[in-house]
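The values are calculated or read from the model by the stated rules, or taken from the named source; none is laboratory data. Only a predicted model underlies this, so the values are computations on that prediction, with no experimental measurement involved. Virtual Cβ from ideal backbone geometry, glycine too; neighbours counted across all protein chains shown.
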Amino acid sequence: MTLSVAIQSSTQSPKVSSSSKNQKTLSEAVSMTGMGLFTGQKVEITLKPAEANFGICFQRVDLPDKPILPAQVQYVRGTPRCTILGKNGTTVQTVEHLLAAIKAFDIDNLLIEIDGPEVPIGDGSGMPFMELIEEAGVCYQKVAKKFYHLTTPIFWSQGDVQLVALPSDDFKVSYTLNYPNSEILRSQFHTVLVTEENIKEQIAPCRTFSLYEETVSLIEQGLIKGGSLENAVIIKGGAILNPEGLRFPDEMARHKILDLLGDLSLVGFSFVAHIIAIRSGHFSNTSFAKELRNHFLMENS
């Protein structure tokens with residue numbers, strides 16, 4: 001199969017503006033524990049307030065030198081059914097759901113201490129992290145927030161996977177999911193204006209999902225050590241194996257938006273656009289995030 005990638009950008013510089021709002025961080029530190037989906041390891045994360053212009057960073061406090069790993073796309077080291085960040089041999093994986101929740105609250109500066117290699121999976125959705133951030137509270141800082149604005153469309157294409165960023169006055173995400181061979185999945189579509197309220201109500205509750213056959217294969221290979229019906233939707237033929245069923249008829253497409261939000265937060269700064277994605281996953285999401293970051297930085301250097 002031949003794969004092609006197409007990137008379109010503009011010779012016109014994207015606009016950069018200062019918001020009437022200032023940067024945000026947490027009001028206080030807050031912690032949670034849980035199990036990693038892939039590693040099966042119990043881990044604790046602590047979200048701590050950070051000074052203005054610090055950004056979002058992970059810190060592996062279980063390692064001797066407690067290395068810090070910025071949540072930026074240039075540090076993506078792999079996308080095997082999740083997003084892995086790495087620097088100088090230090091990695092943190094399955095970061096996308098936590099980062100999506102941080103993005104939903106529009107938080108700019110945060111230190112995420114973690115005592116293991118993988119962010120807890122919780123129930124497979126973004127809600128545990130939304131609730132954790134709500135528990136801590138969010139506060140404004142004394143430095144203005146900057147936004148990048150697209151002035152022309154940018155697109156990424158590989159096979160039947162498409163990602164497009166269109167100029168917009170708001171941050172919106174539209175996702176089309178298509179599994180033609182799955183009786184339940186088939187085609188699903190959802191679109192959302194990215195606000196704290198919308199993400200909490202429409203996107204954050206949606207769980208990761210997998211076809212039964214794929215899950216069994218991964219378990220047999222030892223690649224999923226912490227998975228269960230408590231943290232993933234499993235689909236077998238025309239049935240949902242989870243006793244409680246789905247939280248939304250299109251829960252899978254909505255979960256894909258959760259993943260996309262987390263991956264696009266790795267651009268490393270705020271931007272405004274309408275993102276349209278068709279069949280994208282972590283590899284394409286982070287590839288597109290890299291193109292967006294390079295575009296903004298080049299045009300404003």
Among residues of the stretch 179-194 being out of contact with any Asp or Glu (no Cβ under 8 Å at 6 or more places or on another chain), over 13 Å from I276 (Cα atoms) and assigned to a strand (DSSP E or B), the residue modelled with the highest pLDDT is S187
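Can you find even one residue in the stretch 165-175 that is in a strand (DSSP E or B), at pLDDT 95 or above and surrounded by fewer than 16 Cβ atoms within 10 Å (Cβ to Cβ)? Give the steps one after another, and end with the answer.
The first filter runs over the stretch 165-175 and keeps only residues in a strand (DSSP E or B), leaving 165-166, 172-175.
Okay, now just the ones that are also at pLDDT 95 or above, so 165-166, 172-175.
Next cut, surrounded by fewer than 16 Cβ atoms within 10 Å (Cβ to Cβ) only: 166.
Among the residues of the stretch 165-175, at least one is in a strand (DSSP E or B), at pLDDT 95 or above and surrounded by fewer than 16 Cβ atoms within 10 Å (Cβ to Cβ), which makes the answer yes.
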With the requirement that a residue be out of contact with any Leu (no Cβ under 6 Å at 6 or more places or on another chain), surrounded by fewer than 23 Cβ atoms within 10 Å (Cβ to Cβ) and of a type outside the set (K, R), what does the stretch 267-285 give you?
G268, F269, S270, F271, V272, I276, I278, G281, H282, F283
All but one of (1) of a type outside the set (D, E); (2) farther than 25 Å from F147 by Cα; (3) in contact with a strand residue (DSSP E or B) (Cβ under 8 Å, 6 or more places away or on another chain); (4) surrounded by fewer than 18 Cβ atoms within 10 Å (Cβ to Cβ) hold for V216, so report the exception by its number.
(3)
Criterion (under 23 Å from N22 (Cα atoms), buried (at least 16 other Cβ atoms within 10 Å of the Cβ) and modelled with pLDDT under 95) met by exactly one of L47, L150
L150
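From the list S13, S20, S4, S9, exactly one residue is at pLDDT below 95, in a loop (DSSP other than H, G, I, E, B) and under 18 Å from K146 (Cα atoms). Which is it? Spell out the reasoning first.
Values: S20 fails: in a loop (DSSP other than H, G, I, E, B); S4 fails: under 18 Å from K146 (Cα atoms); S9 fails: under 18 Å from K146 (Cα atoms).
Of S13, S20, S4, S9, the one residue that is at pLDDT below 95, in a loop (DSSP other than H, G, I, E, B) and under 18 Å from K146 (Cα atoms) is S13.
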Considering only the stretch 126-146, I want to know if a residue exists there that is touching a His at 6+ places or on another chain (Cβ under 8 Å), in a loop (DSSP other than H, G, I, E, B) and not polar (S, T, N, Q).
yes
Restricting attention to the stretch 256-299, report how many residues are touching a Cys at 6+ places or on another chain (Cβ under 7 Å) and farther than 21 Å from Q158 by Cβ.
1
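Residue-wise test of (1) aliphatic (A, V, I, L, M); (2) at pLDDT below 95; (3) at negative phi; (4) touching a strand residue (DSSP E or B) at 6+ places or on another chain (Cβ under 8 Å).
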site: G222; (1), (2), (3), (4): no, yes, no, no
site: K225; (1), (2), (3), (4): no, yes, yes, no
site: V233; (1), (2), (3), (4): yes, no, yes, yes
site: G238; (1), (2), (3), (4): no, yes, yes, no
site: P243; (1), (2), (3), (4): no, no, yes, no
site: D250; (1), (2), (3), (4): no, no, yes, yes
site: I257; (1), (2), (3), (4): yes, no, yes, yes
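Can you give me the number of residues within the stretch 271-301 that are assigned to a strand (DSSP E or B), closer than 21 Å to I107 by Cα, of a type in the set (A, V, I, L, M) and in contact with a helix residue (DSSP H, G or I) (Cβ under 9 Å, 6 or more places away or on another chain)?
As a first pass, look at the stretch 271-301 and keep what is assigned to a strand (DSSP E or B): 271-272, 274-278.
So of that shortlist, the ones also closer than 21 Å to I107 by Cα come out as 271-272, 274-275.
Still in the running and of a type in the set (A, V, I, L, M): 272, 275.
Checking the rest, the ones that are also in contact with a helix residue (DSSP H, G or I) (Cβ under 9 Å, 6 or more places away or on another chain) come to 275.
Of the residues in that region, 1 qualify.
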In the stretch 219-245, what residues are surrounded by 13 or more Cβ atoms within 10 Å (Cβ to Cβ), without any contact (Cβ under 8 Å) to a residue 40 or more places away in the chain and not in a loop (DSSP other than H, G, I, E, B)?
I234, K236
